[in-house]
Amino acid sequence: MSRDPYWNHNTHYHRWLLGQVPPTAKTALDIGCGDGLLANKLGRHCPSVLGIDIDEAVLTKTTASSNVRFEKTDFRSLTGTFDFVTAVASMHHVPLREGMEAVHRLVAPGGTLVIVGLWKMSARADTSYLLALPAIRAVDACHPAPSDPAPMRDAEDNLAQIRASAADILPGARIRRRLMWRYTLRWRKPF
């Protein structure tokens, strides 16, 4: 990851994401692929990778390797299933339950879903997390901001709401609160 062309709060989790790819995964889907950095990394682990984004302008910056392709599409209308599905900082751009139902449908039986997402913080629910702000700001200071950031949107759902929806739609999902204002979700779909 040290050879990445840039660093941000999302690329910080690429190593973790790639560590979740099952050795048997043949197909992968990267939802909200942006410039394709993660999708191309997934191409080193899976024979077939599809990166999708709804932002046509950002897709013009992608360069696909031989087993990676990119499409402008909304994951909620995508058909088919994939052995490994990632969504990095993209789930909060759609209504929570609708997004979770869509990724549930896209994961093949026995497949794995990993999400690096954002949640709506509050001083009351996230007091202990707020103590990490000086460390996060120090890490940010060591990395310059990208010159062309992706479109951003604030999260509307708090971590309790995300956990409750996941319990209903993705039973057994493991959700962890992480640094850089992110949570991770890992779920394996039953056969």
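The values are calculated or read from the model by the stated rules, or taken from the named source; none is laboratory data. Here the structure is a predicted model, which is why all the values come from computation and not from measurement. As a convention, Cβ positions derive from the backbone with ideal geometry for all residues, glycine included, and neighbour counts pool all protein chains shown. Side chains are part of the model used for accessible areas, which takes the heavy atoms of the whole protein and leaves out ligands, DNA and RNA. Shrake-Rupley method; radii C 1.70, N 1.55, O 1.52, S 1.80 Å.
Given that compact globular proteins tend to follow 2.2 N^0.38 Å, what is the ratio of the alpha-carbon Rg of region 44-105 to that value? Could you put the intermediate results ahead of the total?
Values: Rg = 12.2 Å, N = 62, 2.2 N^0.38 = 10.6 Å.
Taking N as the residue count of region 44-105, the ratio is 1.15.
So what does log10 I(q)/I(0) come out to for region 1-152 at q = 0.09, 0.14, 0.20 Å⁻¹, using the Debye formula with one equal point on every Cα and no solvent?
The computed values of log10 I(q)/I(0) come out as -0.30, -0.72, -1.34.
Structure shown: which of K26/K72; K41/K120; K26/K189; K41/K72 lie over 24 Å apart, alpha-carbon to alpha-carbon?
K41/K120
How large, in percent, is the carbon and sulfur part of the accessible surface of the chain at a probe radius of 1.4 Å?
The value for the chain is 54 percent carbon and sulfur by accessible area.
Treat every Asp and Glu Cβ in the chain as -1 and every Lys and Arg Cβ as +1, leave all other atoms uncharged, and give the resulting dipole magnitude about the Cα centre to the nearest 20 debye.
For the chain, the charge dipole is close to 740 debye.
Could you give the accessible area per residue of the chain, probe 1.4 Å, as a whole number in Å²?
About 53 Å² of surface per residue is accessible.
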